[in-house]
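The values are calculated or read from the model by the stated rules, or taken from the named source; none is laboratory data. These numbers were taken from a predicted model, which means no experiment stands behind them. When we count neighbours, we look across all protein chains shown, and the Cβ atoms used for this are built from the backbone with ideal geometry, even at glycine. Ligands, DNA and RNA are excluded from the accessible area calculation, which covers all protein heavy atoms including side chains. Shrake-Rupley method; radii C 1.70, N 1.55, O 1.52, S 1.80 Å.
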Amino acid sequence: MEKPELTIDKMAAFCKRKGFVYPNSEIYGGIAGFYDFGHLGVELKNNIKREWWKSFVHQRDDIVGIDGSIITNPMVWKASGHVDGFTDVLVDCRKCGSRFRGDLLIEDKLKIPTAGMSLDDIAKEISRHKIKCQKCNSELSEPKRFNLMFSTNVGPVQTSSSMAFLRPETAQLIFSDFRLVQENARLKLPFGIAQIGKAFRNEISPRDFLFRMREFEQMEIEYFVHPDTEKQEQCHYLDEVLDYELNVLSADMQKIHNQMERMTIKECLSKKIIKTKWHAYWLAAMHKWFVGLGAHAERFRIRQHVKDELSHYALDTWDLEYEFPFGWKELQGLSNRTDFDLSQHMKHSKTDLSIFDEEAKKKIVPHVVCEPSLGVERAFLVFMFDAYTYDKSRENVVLKLHPKLAPVKVGVFPLVANKKELAEKAKQIYNELKKEWVCFYDSSGSVGRRYSRQDEIGTPLCVTIDFQTLEDFTVTIRDRDTTKQIRTSVNELKNVISLFFSGEKLTKLGKLVEQS
Ligand code: GAP
């Protein structure tokens with residue numbers, strides 16, 4: 001598969017031009033790291049979240065969802081380690097005052113990975129390679145740690161005791177609500193709790209459009225298993241993924257040759273590259289989810305964190321990475337968090353969060369064997385990059401989004417705008433179709449131009465009402481990807497569209513229209 005030539009800046013410009021994503025408050029000069037979703041972007045984003053929730057909550061028996069609040073008791077963040085340890089390395093320019101993330105300055109200049117570098121190492125590299133301010137080329141300050149949590153005050157008086165944080169991840173709400181959710185949903189191990197919601201991080205260097213933002217959304221699952229190693233290894237879903245292939249880059253491979261290898265999940269487990277069955281299962285399940293929604297399988301790899309890179313809570317972490325135009329980057333983190341979080345919250349809240357093991361007749365603290373944590377906006381970028389295709393013969397962009405993700409499902413056009421009967425019939429059909437799907441009615445410009453406009457925003461089907469419709473009550477339907485058209489009766493239209501969206505080929509669903 002060819003690497004996309006599309007840069008992240010071109011993608012940002014396309015998203016703005018077509019109504020997907022706008023820089024926030026642009027009329028006032030904007031604000032770095034914040035974006036607004038336009039009329040098409042909000043549909044795509046909602047579709048991504050809906051598909052994720054359907055796959056990982058509604059279609060499973062072992063996972064339930066919650067929706068926690070953004071502001072919570074600050075003790076949550078003390079217990080989780082975020083107050084003391086959720087930091088990045090900040091360096092400022094001594095002359096112009098610009099601020100940079102120390103590790104990213106090194107990555108940009110030396111093109112080396114910096115994962116896990118200590119404050120001292122970063123200081124040494126900056127001084128050794130005489131790295132300067134990216135804006136004015138002046139001397140940089142000594143690096144220091146900077147906490148990424150946004151703070152606010154709750155209530156009318158601003159004191160240190162009224163201070164609270166905007167959540168930097170959704171995960172902690174799952175742990176703090178753990179007891180209530182487990183009891184009320186009567187969950188038995190192994191089980192998961194899922195959540196989709198906003199997270200806020202005061203990133204030092206927000207960059208690459210939606211990739212590193214200050215306000216974004218996460219889709220997270222905490223998957224809990226029994227603490228006994230033997231029981232942890234009972235993964236009932238493993239058979240579904242044993243033969244599934246992934247590009248793999250383990251910590252050892254990074255040390256030896258830094259080349260990824262294509263392997264099945266079975267091989268990864270038998271060679272002990274992935275340590276637990278659950279971790280292997282979730283890595284494959286998440287990759288499958290992307291591919292099932294039209295992403296290109298070979299643009300993904302799984303990469304294990306090297307020892308120094310692991311977060312304070314993680315026993316083992318694998319990232320699902322994607323080859324963005326600016327390199328292989330983390331799309332989703334999948335960590336084994338053990339019982340770190342539940343134990344911390346038990347200690348700090350003095351509340352028992354253990355559950356009773358009926359078989360062993362004792363209390364146990366479940367382990368999070370895997371926490372798949374995915375940014376909605378990073379998923380948004382992946383689907384956009386993989387869908388974006390420039391079609392030379394059509395001379396326009398065709399956004400080949402999976403029909404489930406496409407913001408508009410059906411375009412409806414009267415062949416010509418100035419014929420009253422055609423317009424009336426087209427409006428009638430449009431009003432009927434929009435009861436089922438998001439539709440767009442367009443009567444301006446040539447039909448060819450209208451097709452191009454829908455191609456560019458990813459609309460899978462366009463229905464045209466022409467003069468023949470007035471005679472025999474049939475319409476044409478055009479497939480975005482093939483440009484093939486069929487003719488079908490209006491009475492059958494909803495049925496044909498439903499069959500197409502459930503996976504049938506359009507050409508099998510009606511009489512093929514000869515195109516000149
Ligand atoms: N609960 C674990 C956690 O939050 P993380 O690796 O810090 O782990 C998980 O974040 C995911 O959230 C990332 O893989 C990414 O998809 C998304 N994410 C993190 N920071 C982000 C940012 N500044 N902008 C956009 N997405 C971000």
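Solvent-accessible area per residue for the chain at a 1.4 Å probe radius, Å²? Present the calculation step by step, with values, prior to reporting the outcome.
Working: 24500 Å² over 516 residues.
Ligands and nucleic acids excluded, the result is 47 Å² per residue.
Can you give me the C-alpha center-to-center distance between region 36-109 and region 437-459, rounded to a whole angstrom?
Centre-to-centre (Cα) distance: 35 Å.
What ³J(HN,Hα) values, in whole Hz, does the Karplus curve 6.51 cos²θ - 1.76 cosθ + 1.60 give for region 392-399 when θ = phi - 60°, with x put for Gly and Pro?
Values per residue, Gly and Pro as x: 4, 5, 7, 6, 8, 6, 10, 8 Hz.
I'd like the distance separating the alpha-carbon centroids of region 219-253 and region 134-202, in whole Å.
26
What GluC sites (Glu not before Pro) in region 1-100 are in a loop by DSSP, with at most 14 other Cβ atoms within 10 Å of the Cβ? Mind dumping the intermediate values first?
Working: sites: E2, E5, E26, E43, E51; in loops: E2, E5.
Answer by residue number: E2, E5.
To the nearest 500 deg cm²/dmol, what mean residue ellipticity at 222 nm is calculated for the chain from DSSP H runs of n ≥ 4 alone, each contributing -39,500 (n - 2.57), summed and divided by the residues?
Working: 18 runs with 160 residues, N = 516.
The helix contribution divided over the chain gives -8500 deg cm²/dmol.
Indicate the gyration tensor shape class of region 268-351 (rounded, prolate or oblate), computed on the Cα atoms with a ≥ b ≥ c the square roots of the eigenvalues: a/c under 1.5 is rounded; otherwise a/b larger than b/c is prolate and the rest oblate. Could the numbers behind the result be given before it?
On the way: a/c = 2.02, a/b = 1.88, b/c = 1.07.
Because a/c hits 1.5 or more and a/b exceeds b/c, region 268-351 counts as prolate.
T482 to D308: extension gain in nm, 0.36 nm per residue of separation minus the Cα-Cα distance? Could you put the intermediate results ahead of the total?
Numbers: separation 174, 0.36 × 174 = 62.64 nm, distance 4.90 nm.
Extending this stretch completely gives an extra 57.7 nm.
In degrees between 0 and 90, to the nearest 10, how far off the longest principal axis of the chain does helix 340-349 point, with axes built from Cα atoms?
Between helix and principal axis, roughly 70 degrees.
Could you tell me how many degrees, from 0 to 90 and to the nearest 10, lie between the Cα long axis of helix 8-18 and the main elongation axis, the longest principal axis, of the Cα atoms of the chain?
Approximately 40 degrees, to the nearest ten.
Suppose each label sits 7 Å from its Cα in the direction of the beta carbon; what would the D252-R145 distance come out to in nanometres?
The answer from the label model is 3.3 nm.
Semi-axes of the equivalent ellipsoid of region 372-516: what are they in whole Å, largest first, if each equals the square root of 5 times a C-alpha gyration tensor eigenvalue?
On the way: eigenvalues 144, 54, 44 Å².
With the √(5λ) rule applied to region 372-516, the semi-axes are 27, 16, 15 Å.
Hey, any idea what % of region 352-486's accessible area is carbon plus sulfur with a 1.4 Å probe?
On the way: 2770 of 5540 Å².
The C+S portion of the solvent-accessible surface of region 352-486 is 50 percent.
If we sort 367-377, 312-322 on the protection proxy, mean other Cβ atoms within 10 Å, highest first, what's the order?
Values: 367-377: 24.8, 312-322: 20.8.
Answer by packing, highest mean first, reads 367-377, 312-322.
Where both residues lie in the chain, what percent of DSSP beta bridges are antiparallel, nearest 5?
Values: 73 of 87 bridges.
Around 85 percent antiparallel, to the nearest 5.
At 0.36 nm per residue, minus the direct Cα-Cα distance, what do S98 and D62 gain on full extension? Give it in nm, one decimal, please.
Working: separation 36, 0.36 × 36 = 12.96 nm, distance 4.82 nm.
8.1 nm is the gain from fully extending S98 to D62.
Can you compute the radius of gyration and Dmax for region 1-42, using only the Cα atoms, both in Å?
Just the Cα atoms of region 1-42 yield Rg and Dmax of 11.9, 41 Å.
Mean 1/r over all different Cα pairs, inverted: what Kirkwood radius does region 409-469 give, in Å? Show your work: numbers first, answer last.
On the way: mean 1/r = 0.0877 Å⁻¹.
Computed over Cα pairs of region 409-469, the Kirkwood hydrodynamic radius comes out at 11.4 Å.
How big is the charge dipole of region 392-516 about its Cα centre, in debye rounded to the nearest 20, if each Lys and Arg gets +1 on its Cβ and each Asp and Glu gets -1 on its Cβ? Could the numbers behind the result be given before it?
On the way: 22 positive and 16 negative charges, 62 e Å.
Here region 392-516 has a charge dipole of around 300 debye.
Kirkwood Rh over Cα pairs of region 217-376 into Stokes-Einstein at 37 °C, 0.692 mPa s: D in µm²/s? Mind dumping the intermediate values first?
On the way: Rh = 16.7 Å.
Result for D is 197 µm²/s.
Based on the inverse mean of 1/r over its pairs of different Cα atoms, what is the Kirkwood hydrodynamic radius of the chain, in Å?
Values: mean 1/r = 0.0390 Å⁻¹.
By the Kirkwood definition, the hydrodynamic radius is 25.6 Å.
So between L315 and K275, what do we pick up on full extension, going 0.36 nm a residue minus the alpha carbon distance?
Values: separation 40, 0.36 × 40 = 14.40 nm, distance 1.05 nm.
Working it through step by step, the gained length comes to 13.3 nm.
Whole-Hz Karplus ³J(HN,Hα) for region 421-428, in order, using 6.51 cos²θ - 1.76 cosθ + 1.60 and θ = phi - 60°, x for Gly and Pro?
Using θ = phi - 60°, the values come out as 4, 5, 4, 5, 5, 5, 5, 4 Hz.
With +1 assigned to the C-beta of every Lys and Arg and -1 to the C-beta of every Asp and Glu, and no other charges, what is the dipole magnitude of the chain about the Cα centre in debye, to the nearest 20? Kindly include the intermediate steps, with their values, before the conclusion.
Working: 76 positive and 74 negative charges, 222 e Å.
My answer is approximately 1060 debye.
Based on the alpha-carbon gyration tensor of region 1-119, what equivalent-ellipsoid semi-axes (square roots of 5 times the eigenvalues) come out, in whole Å, largest first?
Details: eigenvalues 186, 142, 71 Å².
Equivalent ellipsoid semi-axes, largest first: 31, 27, 19 Å.
Given a 1.4 Å probe and every protein chain left where it sits, what share in percent of the accessible area of region 76-145 is carbon and sulfur? Intermediate values should be presented prior to the final figure.
On the way: 1820 of 3820 Å².
The C+S portion of the solvent-accessible surface of region 76-145 is 48 percent.
Using Cα atoms only, what is the angle between the long axis of helix 376-387 and the major principal axis of the chain, expressed in degrees (0 to 90) to the nearest 10?
Helix 376-387 and the main axis of the chain meet at about 40 degrees.
Per residue of region 140-153, what does 6.51 cos²θ - 1.76 cosθ + 1.60 with θ = phi - 60° give for ³J(HN,Hα)? Whole Hz please, x for Gly and Pro, Karplus curve as stated.
Calculated HN-Hα couplings, in order: 9, 6, 5, x, 9, 7, 9, 7, 8, 7, 7, 10, 8, 10 Hz.
Could you tell me whether region 390-437 comes out rounded, prolate or oblate from its Cα gyration tensor? Rule is a ≥ b ≥ c as square roots of the eigenvalues, rounded for a/c under 1.5, then prolate if a/b exceeds b/c, otherwise oblate. List each step's numbers first, then the result.
Details: a/c = 5.61, a/b = 1.44, b/c = 3.91.
It is oblate, given that a/c is not under 1.5 and a/b is not larger than b/c.
Using Cα-only point scatterers and the Debye equation, what is log10 of I(q)/I(0) for region 88-192 at each q in 0.11, 0.18 Å⁻¹, rounded to two decimals?
-0.59, -0.88
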